[in-house]
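K.L.:
Here it is, the structure in full.
The values are calculated or read from the model by the stated rules, or taken from the named source; none is laboratory data. All of these numbers come straight from a predicted model, not from anything done at the bench. Cβ: placed from backbone, ideal geometry, glycine included. Neighbour counts: every protein chain shown.
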Amino acid sequence: MHAALSQNAQARKAALDVLAAAPARALAELWDRWADKPGHSKVRGPEVGLVMVRGRAGGGGAPFNMGEASVSRASVRIVTGEVGHGYCLGRDTGKAEVIAVIDALWQRDPDRVEAEIIAPLQALAEADDQKRRDESAATRVDFFTMVRGDN
């Protein structure tokens, strides 16, 4: 039972990660297509706050406080009783609220949310990543050494 809860929590976290990283426009377009949006009430927010961003010198050195970043968050309860939470970088409180509603829906019907919202957002992220890889590969310089003769 504990392992099943752990897998469910990991799957929910993965879905929230995709939602938080998604471009606001792409998320809004997919949400607009959702036919039966549930009514919801706000439990907390939406509101904007700050988080401390930590870095590491060289990627593995001692951690240091790099600066602060704006974060939006919201918590909602949909009419069927599930409570969802949404967080995203930036000051987009509307996006945070939509993420919270989708999180609540995910708890009720994860398969539909995965198919209609999460999977398309993942495909978009993968396409964007591939585009960046292709663009950076086009600028790659291959260095080689020529062996000089004994002249």
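K.L.:
Residues of region 125-151 being of a type outside the set (A, V, I, L, M), assigned to a helix (DSSP H, G or I) and at pLDDT below 85, which ones?
P.N.:
Asp128, Asp129, Gln130, Lys131, Arg132, Arg133, Asp134, Glu135, Ser136 - these are the residues of region 125-151 that are of a type outside the set (A, V, I, L, M), assigned to a helix (DSSP H, G or I) and at pLDDT below 85.
K.L.:
Right, another one. How many residues does region 79-108 contain that are out of contact with any strand residue (DSSP E or B) (no Cβ under 9 Å at 6 or more places or on another chain) and under 13 Å from Lys37 (Cα atoms)?
P.N.:
1
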